[in-house]
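Encoded as structure tokens, the structure appears first; notes follow it.
No value in this document is a laboratory result; all are computed from the given coordinates. Nothing here was measured: the structure is a model prediction, and the numbers come from that model.
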Ligand SMILES: [Ca+2]
């Protein structure tokens, strides 16, 4: 039974590997620690309007990101791994274009206003009907409203595989 111990180690390694979230090529997994869930995001370093960003994510088989709960902070930490990205803003998948002041994700889940996600220091979301689309804006990467024609980076999201 001399083989048993190495085999047990190998099995343990296999099991650890199986709980690691896997993502499609080009995507990185991030975790919502309090929910115990993972998702896959892609920081798209190509500037486009919100509609252009939405179409680009769909081309990747993904959607503009829905950064709820801990996924928001995890995405910020991912951005901060790349010093060249910390001066950029990133489209994510929310808007209030259907009804001013009522913010929704692309899947029609409501986006609650206020803390902890919206930037608190200049009353985000602001600028009324001039700004109907959601982004993470530098340098804080809290939620900010922005004009949809602004050309910025974006974050795509898809499920783990
Ligand atoms: Ca608005």
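Observations, loosely collected:
- Kirkwood-based shape ratio for the chain, expressed as Rg/Rh from alpha carbons: 1.10
- For region 31-100, a/c is not less than 1.5, where a ≥ b ≥ c are the root eigenvalues of the C-alpha gyration tensor, and a/b does not top b/c. That puts it in the oblate class.
- Per-residue ellipticity at 222 nm computed for the chain from its helices equals -7500 deg cm²/dmol, with DSSP H segments shorter than 4 residues left out and the rest contributing -39,500 (n - 2.57).
- Degrees between helix 50-59 axis and first principal axis of the chain (Cα, 0 to 90, nearest 10): 30
- Note on the chain: antiparallel DSSP beta bridges, both residues inside, total approximately 90 percent of the bridges counted.
- Judged by the gyration tensor of its Cα atoms, with axes a ≥ b ≥ c, region 97-161 is rounded; a/c sits under the 1.5 cut.
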